Amino acid sequence: MTTFRRVVGKLGALLLTLFLASLLVFFSRFLVPGDPVAFLLRGRKPSPEAVALVTAQYGLDLPPWQQYLNWLAGVLHGDFGRSLQYRQDVTQVIGDRLPVTLMLVIMAGTMIAVVGLTAGIVASLNRGKVLDRSVLIGLTVLGAIPSFVGSIVLIAIFAVQLGWFPSFGSGEGFFDQVYHLVLPSIALAIVFVVLVGKVTRSSMVEQLGREHVEVATSRGLKRGTVIRRHVFRNSIGPILTVSGVLVAGLLVASSIVEAAFGLAGIGSLLVQSVDRLDFPVVQAIVLLVVTAFVVVNAVIDVLEPWVDPRSAAGAGAR
Amino acid sequence: MPSRRGHRRVATIVAAGLGVALVLTGCSASEPEKTTPAEWELTTSTAAPSGDIDSFTWASYAEPYSLDYAYAFDYADNQVLANVCESLMRLNPDFSLSPGLAESVTHPTPETWVYEIRDGVTFHDGTPLTAADVVASMSRILDPAVGSSWYSVYQNVVSIEQTGDLQVTVTMNGPDSQFNLGMGGSAGVIESAATLAEKGADYGNSTGGVNCTGPFSFKEWKSGESVTLERYDDYWDPELKARSGEVKFLFMNDANARVNALKSGDVDGGWMIPADAVPQLRTSDQGDMLFGLNTAVSNIVISNMEGPLGDLRVRQALLMALDREGIVDAALKGYGDVTDVMTTKSVWVGASDDALNAAFDDITDYDYDIEAAKKLVEEAGATGAELTYVTAPISSDFNVYAQATAAAATAIGLKVKIETVTPNAYTALFSDPSAREGVDLFYTSWYLSSPDPLEMYSVLRTGDFSNYGNWSDPEFDAIVNEAATIQDPAERSAKTAEAQQIANAQLPWLPMLEAPTTLFMGKRITGVTPSVAFLYFPWAATIGAR
């Protein structure tokens, strides 16, 4: 029953968040200076009737609230309008590019999980030793590398100098695509590996110092069992919370990596569309990122009690 | 049709890290600048191919907005479209105009143009070209719902009618020599009427594609990544039958990535090489760096005639204070020439010798002279006046133009405020009068799309859309309007030369320099003709195996 109420509550909060986000996303475009129609014309001399007709075609002649309602009605039917720059349905424009970004995020996410967790766990179990220090220093150094610098260094070394990986494009077919996305996903993963690694380490270290761990150890349980059952399982809460933030971070950071590697993903599309006042595309992408973020966090909230029973029972149980 | 160089939308985020890459890849950015001036010559053709080739790849600085000829108005769009769709007239690499899909054109009365459509031409879907296709394609430019970028070519058109099995007659509201000259560009492209009707709003986008008559047909457009064309086997003109089975255009927004791909041989060629990369690519063993005919002139646009620059003496002084030789070296690495007029000789097709002398020799030279310039500013009582110069982080040379203009102004007692805006806001300067409020100066590189210098000067008539400073000279207007009605190119050139002299004396914009069209051709391929006509001529068809 409590789980059900929790889920319903979460769902309500989720819908409210999305609604508020849609308002923000839509109306923020009126704060940006510049006329989309002037941009459509791109400095060309139009016929006077054409300006009026083109304005009407894109519904830009209506009052803002009516534009919002039309847009919202469309969005609820899966129609995000038409892109001004591509003269194409927004769903088509985004649909063409979404697979690359998803693939990139999945590959980077896997690297982050594997490398970040491993680094964090190894460091915490060797707390204070040379290995711990090396991991911490390594993570700090990596954390100082912005994605665009990482991208450029990776291209320079592995694509241009060594020629092991392609320097641009997303490839054709599954395996070629994975091959093309290796360097970009590393560039994207770097900063987040650091985050996950550090959170994992500190969370584990905190648990290792807890009484129940000492009790378990003194009862003669094997070290591996103690770490798996008592330490890691109790450490997972903060790691999950950070992972939720990661999803939005990855989607946003992908724009830099995609631009550097010439990938046609939604990140580079977002940057381009902002620059070209292509509001329907910007609105759709931002809404998509917000939705992904909100949904992932809601799922994590729902999942957390199962992984870590303490959070369902309240913070008292130790 | 006013054409503006809007090609440089570079990912600025990446640019900040460029230095790292240059060091790591051993590029020459940190080497000392050469002190000798750059030497180059214009290439008019490259060796004919030794044979056909399966495919080649081409680097484009950006993705086309559209392959719909009604909107194709920029380097990225037109360099692709030129190989797929053909116009009534053909603009050749030497900028001459010859028959295209129209086998012949006659001009029975000053108001009418009669096009005899070529027989035996087929669209890529195999259907034959008819007069109805011509009428449908041309009428689209006039349709306000389409909102074509080429409307200004058609602004004097009254009707477009089929007057025979393979004959179309265009009637104008008065004599207009410029209409037929525009038929060599995108404004004269002919598409299948059935395809236009079938594709509707999706015509020309990445899913709709196009169905034209050119040597290559549209095969695939991978959004954000590439466009692939394939040879059309039933192409009508044996002279321009494609030598390559396929061409793939790769969109590489990052200039550094583009240059790397050319240097490593990953990509076979590309137009419009970033100036920084020209010296590197000239020494590359992966291919040839070539220079071709261009029509573009770099100008500082005077966008406010109400301010201090409304005084001719201040405009003259500013131009005299610009170290234009220095700008050529800094912005173009020396690959360019200083000019005092707003057109290149290449567009004066059919001009008389007298007209050329008047237009290019019998003019004022604004040699670098700070002292004389200072005096002019004092005479005008403008010393201490403040000007606003707008620029954008579009490519490295933009910064050179901004800094050089500010330095010139400061040297002669003016103050300059440089305002840096986003590339998009910069684009708005060209279309939105409200974006130009309070702006005195900005930079443009202006190319012409027809073989006639009048295209440039028609833009500066009183009240024209692209007359950004609302400069007005009734005598100039009268000369340009009269020239437009003259059919004979030699006779017309004499009038146009008068217009050029007035612009040279009055300086509605400050002409700075002209630069050649740049091209890199990899070592696998040959046959291309380096010329800015690549925007309208099927240049890729002539490329084959080296």
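Some notes on this structure:
- Selection count where residues are out of contact with any strand residue (DSSP E or B) (no Cβ under 8 Å at 6 or more places or on another chain) and either among the β-branched types (Val, Ile, Thr) or under 16 Å from B:PRO453 (Cα atoms) (or both), scope the stretch B:505-527: 0
- Applying the criterion of at least 1 residues that are in contact (Cβ under 8 Å) with a residue 40 or more places away in the chain, within 30 Å of B:ASP254 (Cβ to Cβ) and touching a Ser or Thr at 6+ places or on another chain (Cβ under 8 Å) to the strands (runs of 3 or more DSSP E) found wholly in the stretch B:144-243 leaves B:216-222, B:226-231.
- Options B:VAL247, B:VAL267: the member that is more than 13 Å from chain A (Cβ to nearest Cβ) and either surrounded by fewer than 20 Cβ atoms within 10 Å (Cβ to Cβ) or of a type in the set (A, V, I, L, M) (or both): B:VAL247
- Of note, B:TYR447 satisfies the criterion of being under 30 Å from B:SER96 (Cβ atoms) and either under 24 Å from the mean Cα position of the chain (by Cα) or open to solvent by 10 Å² or more (accessible area, probe 1.4 Å) (or both).
- Output for the stretch A:169-179, where each listed residue is open to solvent by less than 30 Å² (accessible area, probe 1.4 Å) and either modelled with pLDDT of 85 or more or in contact with an Asp or Glu (Cβ under 9 Å, 6 or more places away or on another chain) (or both): A:GLY169, A:SER170
- Residues located in the stretch B:410-440, provided they are in contact with a Ser or Thr (Cβ under 7 Å, 6 or more places away or on another chain), farther than 26 Å from A:GLN272 by Cα and open to solvent by 40 Å² or more (accessible area, probe 1.4 Å): B:LYS417, B:GLY438
- Some residue of the stretch B:471-482 being within 14 Å of chain A (Cβ to nearest Cβ), open to solvent by 40 Å² or more (accessible area, probe 1.4 Å) and in contact with a helix residue (DSSP H, G or I) (Cβ under 7 Å, 6 or more places away or on another chain): no
- Any chance A:GLY244 is open to solvent by less than 30 Å² (accessible area, probe 1.4 Å), in a helix (DSSP H, G or I) and more than 20 Å from A:VAL122 (Cβ to Cβ): yes
- In summary, A:ASP301 fulfils each of the numbered conditions (1) surrounded by 18 or more Cβ atoms within 10 Å (Cβ to Cβ); (2) closer than 29 Å to B:ASN256 by Cβ with the single exception of condition (2).
- A:MET111 being under 21 Å from the mean Cα position of the chain (by Cα), under 27 Å from A:VAL296 (Cα atoms) and either within 14 Å of chain B (Cβ to nearest Cβ) or open to solvent by 40 Å² or more (accessible area, probe 1.4 Å) (or both): yes
- Reported count of residues in the stretch A:255-303, each being away from chain B (no Cβ under 12 Å) and over 28 Å from B:LEU429 (Cα atoms), is 17.
- Subset tally (residues that are within 14 Å of chain A (Cβ to nearest Cβ) and β-branched (Val, Ile, Thr)) for the stretch B:384-435: 5
- Remark: A:ARG127 falls outside the filter, which requires a residue to be away from chain B (no Cβ under 13 Å), within 30 Å of A:GLY237 (Cα to Cα), basic (Lys, Arg) and open to solvent by less than 50 Å² (accessible area, probe 1.4 Å).
- Filtered residues of the stretch B:193-223 (kept if on the phi > 0 side of the Ramachandran plot and open to solvent by 20 Å² or more (accessible area, probe 1.4 Å)): B:GLY200
- Within this structure, B:ALA505 fails the test of being out of contact with any Phe, Trp or Tyr (no Cβ under 7 Å at 6 or more places or on another chain), modelled with pLDDT of 95 or more, crowded, with 23+ Cβ neighbours inside 10 Å and not β-branched (Val, Ile, Thr).
- All told, A:VAL245 falls short of being within 15 Å of the chain's Cα centre (by Cα), within 14 Å of chain B (Cβ to nearest Cβ) and more than 22 Å from B:ASN256 (Cα to Cα).
- Positions within the stretch A:84-99 being more than 7 Å from chain B (Cβ to nearest Cβ), open to solvent by 10 Å² or more (accessible area, probe 1.4 Å) and either among the β-branched types (Val, Ile, Thr) or in a helix (DSSP H, G or I) (or both), in sequence order: A:THR91, A:ILE94, A:GLY95, A:LEU98, A:PRO99
- Unique match (being touching a residue at least 24 places away in the same chain (Cβ under 8 Å) and assigned to a helix (DSSP H, G or I)) among B:VAL341, B:VAL400: B:VAL400
Rundown of residues vs (1) more than 24 Å from the chain's Cα centre (by Cα); (2) surrounded by fewer than 17 Cβ atoms within 10 Å (Cβ to Cβ); (3) modelled with pLDDT of 95 or more, yes/no style:
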position	(1), (2), (3)
B:GLY147	no, no, no
B:TYR151	no, no, no
B:SER159	yes, yes, yes
B:ASP165	yes, yes, no
B:VAL168	yes, no, yes
B:ASN173	yes, yes, no
B:GLN178	no, no, no
B:GLY185	no, no, no
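- B:VAL377 within 14 Å of another protein chain (Cβ to nearest Cβ) and either at pLDDT 95 or above or over 21 Å from B:VAL328 (Cβ atoms) (or both): no
- Candidates in the stretch A:41-82 are the residues that are facing another protein chain (nearest Cβ under 9 Å) and not in a helix (DSSP H, G or I); of these, the one that is modelled with the highest pLDDT is A:ARG82.
- Matching residues, the stretch A:199-215, being at pLDDT below 80 and either within 30 Å of A:VAL100 (Cα to Cα) or touching a Lys or Arg at 6+ places or on another chain (Cβ under 8 Å) (or both): A:LEU208, A:ARG210, A:GLU211, A:HIS212
- Yes/no for B:ASP266 being closer than 14 Å to B:PHE520 by Cα and among the charged types (D, E, K, R): yes
The values are calculated or read from the model by the stated rules, or taken from the named source; none is laboratory data. Quick caveat: nothing in here was measured; it's all calculated off a predicted structure. Neighbour counts are summed over all protein chains in view; Cβ atoms, including those assigned to glycine, are modelled from backbone coordinates with ideal geometry. SASA here: full protein model, heavy atoms, side chains in, ligands and nucleic acids out. Shrake-Rupley method; radii C 1.70, N 1.55, O 1.52, S 1.80 Å.
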